[in-house]
């Protein structure tokens, strides 16, 4: 019996071995010249490779069966061949030059290319569109490695944010078609200003760590590069509608002319999104449009993009106090007393829902903003291996947020006291607006060279930002004629000039070894002129010169395995608030420095992909909140000498059958400040208590992040089971168990069904059910610690996310 079992096992192994074959071939142009680095994909598998220095490719140990090989190379027409694999097979391709240039060339200098030693993930148009039912960009990226997302309104529409490896959005460099999107002063990214941008995106590349040189402020922990629509050769029309919980409704229309006379193309989108939000009074009313026109020929592209977004959102910025989440009546009473809440606010606190509470009661407590983008691109191919690209851009932003303030002194707004019936009134309720009126414009440029062993780029940008910040009082309960309508009580202007130039090169030493070098020079001139809302003169000027080098090696072990190592340096200047909030009696904040070390390994077969990445991010002078305040009591950020993030990122794809696939990733990390000093306001002494806490954890940096996506598809039907786990994270830098977000784990399910009719090319029905087990969790928070009457107390705000909720969508393609 044992011998029979052994024989059967050996037969099974023998059958398994002999039922696999190899695929090889050469990819050339029509002149027979090898195309180095051409992309080769085997459809319906997880297997892909690139051609070597002689244009050859090898894909080994493939299970016998029917496949399609797809070959692509920038500037050439994509080609595919269907094969039946029964034994080792030789398949050669001759690619034709495209009669039109590729859009990819316009931004190729800022994206990671093949065999570049960098840590990155890419999402294509299909994967973005499949999940786009109205939620903001961060939520469409939420299952990427090391990503954590949050929503102020609790349901992914309105104000949302993203962290990557614990790095906040102010340190993540975001570009759209190679043009910087971060606000130049705050460094922030406000996704709400471009509603439904996802419907106009062709692909997104997320680089983790320092990454490669790019335009804008530069990555200080991560980069998100987005490319909008690429050329569609055929005319199309598309209508999308989705509805869901919290009276959510998204509607858009997309149309495109296709390629007219092999030269011209036109695309347009019009979108509207509405949602009441999970949190009380957190409604969103969002509108946007996108228009693109292009001229293409064999050697040139001229393209213009015009887009606009307008948002009106209810403010949900304050969060829910922890005492309210825990229904702690004693704590709520203490908060009302210490923070001076009105009777209406007090009643709201005690009587509203525990998880949807919003302190703001004023009906027009809203954020209002419009942002218009104009982008003009020109690309020219000088030779088959050399092209130049340039872009002019202009962004106009204008908006305000309106707030109601209870029982504030007239002097807070620079007003004299009111006299009513011979009585002097020193306080009143106020409605005021804080406004922004800004212009951002500039030029980006690049030249790309790709021939045989060398893939090199030189590029850069020069951008100017001019932003007015001012405040108007529009109503005061007790003021009578004490001030003019829309009285302006402060104004200052920020002007920022940012120049950068970089050069980078990939050099193939052998078929297996590639070396990479990259260096960027960046010059910044930032001026603030005027008074702030606390009447301090914040006029100042700051200049920086940064040199940011990067280098690495990429080694192909065999057709299944490769590995890489990279080292990069990044500098980041302080943002506007770091300067305006700084205490003039203390040293000004200085620039932060990051040294990033990355080591990666990839294993790839037709059924399995495994990526392993080790990282060590070593910070010098990282700016963090310490509890310290300035001369008028505002919280300030301070440089800490040494801090770091280190960990391992694992990602894998397993294709069990043609219908069933499992993609998963996990990050295990340690995020520390070497020697942290805490400052706590003491209301009893009007001073601050200082404590040296030694090594502490960096805030909002969970040690574990894990995501899972199980996909089952058959014909026109698919179902996805999505899971997200985020470990506990501290909400300040003290490592206090009293001030942390608990770990959370939630699951979503997505169902799609598509079919077509004689009149409609494709009809797709979608259903997304989020948080299917109705977990209660919070994803973000803020905290202010103080001592009063001899007790340690806090004011805080946590951001609960919605329980079980749904979005259902209908897409019609013509």
(request) Would you mind putting 282-289, 711-718 in packing order, based on average other-beta-carbon counts within 10 Å, highest first? (result) 282-289, 711-718
(request) Give me the percent of DSSP beta bridges within the range 20-98 that run antiparallel, rounded to the nearest 5. (result) 80
(request) Give me the distance in nm between label points sitting 7 Å out from Cα along the Cα-to-Cβ direction at residue 58 and residue 247, one decimal. (result) 6.5
(request) Restricting things to alpha carbons, find the Rg to Rh ratio for the chain using the Kirkwood radius for Rh. (result) 0.99
(request) With a point put 7 Å past each Cα toward its Cβ, work out how far residue 380 is from residue 236 in nm, to one decimal. (result) 3.2
(request) Note down the nm distance, to one decimal, between modelled labels 7 Å out along Cα→Cβ at residue 343 and at residue 92. (result) 9.1
(message) Could you compute Rg(Cα) / (2.2 N^0.38 Å) for the range 20-98, with N its residue count?
(response) 1.03
(request) Rounded to the nearest 0.05, what FRET efficiency do residue 352 and residue 547 give with R0 = 56 Å and r taken as the Cβ-Cβ distance? Could you check? (result) 0.55
(request) Enter the angle in degrees (range 0 to 90, nearest 10) between the Cα long axis of helix 329-339 and the first principal axis of the Cα atoms of the chain, meaning the one along which they spread out most. (result) 70
(message) From the P(r) of the range 499-614, could you give the percentage of C-alpha pairs in the tail past 20 Å?
(response) 61
(request) Could you state the angle between the C-alpha long axis of helix 2-18 and the longest principal axis of the C-alpha atoms of the chain, as a value from 0 to 90 degrees rounded to the nearest 10? (result) 90
(message) Can you compute the FRET efficiency between residue 396 and residue 610 using 1/(1 + (r/R0)^6), with r the Cβ-Cβ distance and R0 = 41 Å? Round to the nearest 0.05.
(response) 0.30
(request) Give me the distance between the Cα centres of the range 653-721 and the range 393-455, rounded to whole Å. (result) 32
(request) Can you tell me how much longer the chain between residue 329 and residue 370 gets when fully stretched, taken as 0.36 nm per residue apart minus their C-alpha distance, in nm with one decimal? (result) 10.7 nm
(request) Return the FRET efficiency for the residue pair residue 757, residue 695: r is the Cβ-Cβ distance, R0 is 45 Å, and the value is rounded to the nearest 0.05. (result) 0.10
(message) Defining a contact as two alpha carbons under 8 Å apart and six or more residues distant in sequence, what relative contact order in percent does the range 633-731 show?
(response) 24
(request) Considering Cα pairs under 8 angstrom that are at least six residues apart, work out the relative contact order of the chain and quote it in whole percent. (result) 9
(message) I need 782, 249, 686 ordered by Cβ neighbour count within 10 Å, fewest first.
(response) 686, 249, 782
(request) Rank by packing, highest mean first: peptides 325-331, 192-198, with packing defined as the count of other Cβ atoms within 10 Å averaged across residues. (result) 192-198, 325-331
(request) Counting helices only, and only those DSSP H runs with n ≥ 4, report the 222 nm mean residue ellipticity of the chain as the sum of -39,500 (n - 2.57) divided by its residues, in deg cm²/dmol to the nearest 500. (result) -2000 deg cm²/dmol
(request) For residue 451 and residue 765, calculate 0.36 nm times their separation in residues minus their Cα-Cα distance, and state this gained length in nm to one decimal. (result) 108.5 nm
(message) Under the 0.36 nm per residue contour assumption, what length would be gained going from the current alpha-carbon distance of residue 499 and residue 511 to full extension?
(response) 0.6 nm
(message) Defining a contact as two alpha carbons under 8 Å apart and six or more residues distant in sequence, what relative contact order in percent does the range 106-228 show?
(response) 32
(message) Restricting the calculation to Cα positions, tell me the Rg (one decimal) and the Dmax (whole number) of the range 106-228 in Å.
(response) 13.2, 41
(request) Please list 586-596, 79-89 highest first by mean number of surrounding beta-carbon atoms within 10 Å per residue. (result) 586-596, 79-89
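Read the figures in this text as sums done on the coordinates, not as results from a lab. Quick caveat, the model's predicted, so the values are computed rather than measured. Because the Cβ atoms are built from the backbone with ideal geometry, glycine has one as well, and the counts that use them run over all protein chains shown.
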